[in-house]
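> First the structure, then my questions, so here it is.
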Amino acid sequence: MNHRDESFLRQFSAQHVLGLLVSLCLALLGLALLRGWQIYGAFRQTEGCGYQCVTLSTLANDLEVLGLVLTCALLGRWSRGCLRWACSLAGQLLIALYAIDILIYTVLKHRLDVADIFKYGGQVRLNESVVMPAIYTLTGLAWLVLLVLSELLFSTLLLSRGRGRKAVLGLCMLLPVLVSAEKLSTPPAHISKNVFESVLAAMLPEGENRAFSPAYQAQLQAAPEPEQQCRPGDGQFRPVILLVVESLSLYQSQAQSGIHDYLPELDRIAAQYAYFDQFYANGFTTDGGLISLLTGHFPLPNINRYQSAQAYMGFEHASQDAFQKLAAAHIQARYFRSADLEFIGTGEWLKTLGFDSVEGPENPFYDGMPRGSFNEPGDAALYRRYLSWLDEQPAHSRFFSVIQTTTTHPPFVIPGQAEGGEEKAFRYADQQIGDFVRALEQRHFFDQGILLITGDHRSMTFTRPQEVAQWGKEAMSRIPAILVGGAGVPKGRIPGRWQQVDFLPSLLAAAGLDSCTSDYQGRFLVDAKPAKYILHAEGVERDRILVRTQDDPVLREIQMAGDDTHWAGPALAGSAGPSLVAEVNRQRAVRPDAPSDLGAGLLRIYGMLP
């Protein structure tokens, strides 16, 4: 830089340093508001947190990063030599990282962590059909302008010299507030909490990914499974249908929550037959719900689970050899879903478990029908398809079948209808459930058969204040469960605490086969016996496991941290406390580490990796 350029910078900075600071703050604030707007766009179909709620929460978290950028700029102005250049590099990298994080979320609707960025940064190609359309929009151009402007203002502020130190000192007093703003905010209660966190907080390692030491892992793998209490089967076969309704939640039921009235048909069915007073999802995702219901295992995360596309790794075998028992008794296991079963390998996993037939939207029955999310033709078509199959079965056929719906999955698209949204989607789904139960009644299915209606997990929406008031932190784990059947099936309100992993022993007992229970797995059909412990792998704080104990009003949590896994808050008294922590560790230690391939998978889906 020559003498004239240096003089210009000194003169410029002396007169306008405060203007540079304000301009940099506004440019960074513009990026933050842009990120808030994009996140709101991803969640606008869900209720419970509008644009103001999303934006304010995002901004409060992002002030930490913006404060660090300003710290680098101001520290760089007052330093020389290597420290000055280090501040310059750190600030420019922070701005670039913040902006790239916004672009990645715009394209993938997912955040890559720093390991993904370093791992795939050199391999990613800017796919013209994916990235460029995102940039050639009003928001994309705004992102580009704000990025370039922020970098230029930061560099100019760092290089400039002169007066303006009083203004700079005044701003310095605000930096601690900016950097600690995240601590002062309350993030929305949503399983995608990391979306609202700052880019730095989202990249911090979580406790569920802390590995066990080799010696402790070997000790856990050699430990025995919990003791079981088994009862012989009565030999009386009853066909069972498990209806897994996507995102079915208590707050949607007027009868069970008093919050919304989206499910009048389901409330009617519950009043006519039976419903569980307290029923828990053991996980917070669809794969977690299916693992719990169909294997009887808790979906506790193995190492790297939430950075992996291998959702079912380590859960390829059902407890109590359930599917082998069904096959030996000549009971067919059938699976019906109207959505793409290739997603995260669900179809192959179901076949590995032992289902005799796994059917998705490719069935010719759905040809020519309008499609929604995941290529699904809608719940109504799915029930019609199942009934057509049921009508083809010979009298006294022996089967167990699963029906899994999709229409109520965000973004709540109803195939063939122009309007969607959460309320409309659930009212549509509720009406189809009512029609389906009436169709089964007309076929006299319930003379012998049993239908369990439940959800895979609580809806991936923001918690309502009324939910928190009624159920506290466990609101994210509670789901409806309705039991429909004739003689021998409970009626009315079913007391006690029950969970998804209780289904498999109940299925075996209903099929007339031997079934077992333990402190961690109950049975609600044929000699009902609840489990002692309820476990829920949390989705908001993913390194924690919610613990409920029968007849204990205290809600407890376990903090996963490898060898240092411990109770977060009050522990169970006596030997039960360390025993339960050891069992959680054992269940996690016997499963292989998952590969961190989620980022690569998303990049390949969008054609950005070969």
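> I'd like the full set of residues that are outside any loop (DSSP other than H, G, I, E, B) and either modelled with pLDDT of 95 or more or touching a Gly at 6+ places or on another chain (Cβ under 7 Å) (or both), limited to the range 288-306.
If the condition is that a residue be outside any loop (DSSP other than H, G, I, E, B) and either modelled with pLDDT of 95 or more or touching a Gly at 6+ places or on another chain (Cβ under 7 Å) (or both), then Gly288, Gly289, Leu290, Ile291, Ser292, Leu293, Leu294, Thr295 are the ones that fit.
One line per residue, one yes/no per condition, for (1) surrounded by fewer than 18 Cβ atoms within 10 Å (Cβ to Cβ); (2) touching a His at 6+ places or on another chain (Cβ under 6 Å); (3) in a loop (DSSP other than H, G, I, E, B):
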{"residue": "Ala309", "(1), (2), (3)": "no, no, yes"}
{"residue": "Gly314", "(1), (2), (3)": "no, no, yes"}
{"residue": "Gln324", "(1), (2), (3)": "yes, no, no"}
{"residue": "Ala381", "(1), (2), (3)": "no, no, no"}
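> Pairs under 7 Å by beta carbon, first residue touching a residue at least 60 places away in the same chain (Cβ under 8 Å) in the range 317-338, partner basic (Lys, Arg), six or more apart or different chains?
His330/Arg398; Ile331/Arg398; Gln332/Arg398; Phe336/Arg385
> Select, from Arg427, Arg464, Arg438, the only residue that is in contact with a Pro (Cβ under 9 Å, 6 or more places away or on another chain) and among the basic types (Lys, Arg).
After applying the criteria, what remains is Arg427.
> Could you please let me know if Val54 is modelled with pLDDT under 85, within 30 Å of Ser247 (Cβ to Cβ), assigned to a helix (DSSP H, G or I) and open to solvent by less than 10 Å² (accessible area, probe 1.4 Å)? First the steps, then the outcome.
Numbers: modelled with pLDDT under 85: yes; within 30 Å of Ser247 (Cβ to Cβ): yes; assigned to a helix (DSSP H, G or I): yes; open to solvent by less than 10 Å² (accessible area, probe 1.4 Å): yes.
When the stated conditions are applied, Val54 passes them.
> Separate question: Looking only at the range 440-454, how many residues end up being open to solvent by 10 Å² or more (accessible area, probe 1.4 Å) and not acidic (Asp, Glu)?
So in the range 440-454, the residues open to solvent by 10 Å² or more (accessible area, probe 1.4 Å) come out as 441-448.
Checking the rest, the ones that are also not acidic (Asp, Glu) come to 442-446, 448.
Total satisfying the criteria: 6.
> Hey, does the range 515-527 have a residue that's crowded, with 18+ Cβ neighbours inside 10 Å, without any contact (Cβ under 8 Å) to a residue 60 or more places away in the chain, within 25 Å of Phe323 (Cα to Cα) and out of contact with any Pro (no Cβ under 6 Å at 6 or more places or on another chain)?
Within the range 515-527, none of the residues are crowded, with 18+ Cβ neighbours inside 10 Å, without any contact (Cβ under 8 Å) to a residue 60 or more places away in the chain, within 25 Å of Phe323 (Cα to Cα) and out of contact with any Pro (no Cβ under 6 Å at 6 or more places or on another chain).
> Still on this structure, please answer the following. Could you say which residue among Glu342, Glu359 is open to solvent by less than 60 Å² (accessible area, probe 1.4 Å) and of a type in the set (Asp, Glu)?
Numbers: Glu342 fails: open to solvent by less than 60 Å² (accessible area, probe 1.4 Å).
None of the others qualify; the one that does is Glu359.
> A further question follows. What residue, among those in the range 455-488 that are part of a loop (DSSP other than H, G, I, E, B) and more than 19 Å from the chain's Cα centre (by Cα), is surrounded by the fewest Cβ atoms within 10 Å (Cβ to Cβ)? Before the answer, list the steps.
Of all residues in the range 455-488, those part of a loop (DSSP other than H, G, I, E, B) come to 456-464, 477, 479-480, 486-488.
Adding the requirement that they be more than 19 Å from the chain's Cα centre (by Cα) leaves 486-488.
Working: Gly486: 15, Ala487: 7, Gly488: 12.
In this case the residue turns out to be Ala487.
> Give the residues of the range 489-499 that are surrounded by 15 or more Cβ atoms within 10 Å (Cβ to Cβ) and within 27 Å of Arg443 (Cβ to Cβ), sorted by residue number.
Passing the criteria: Val489, Pro490, Ile494.
The values are calculated or read from the model by the stated rules, or taken from the named source; none is laboratory data. Being a predicted model, the structure only gives us computed values, none of them experimental. Counting neighbours? That spans all protein chains shown, and the Cβs are built from the backbone with ideal geometry, glycine included. Remember, those area values only see protein heavy atoms, side chains included, never the ligands or the DNA or RNA. Shrake-Rupley method; radii C 1.70, N 1.55, O 1.52, S 1.80 Å.
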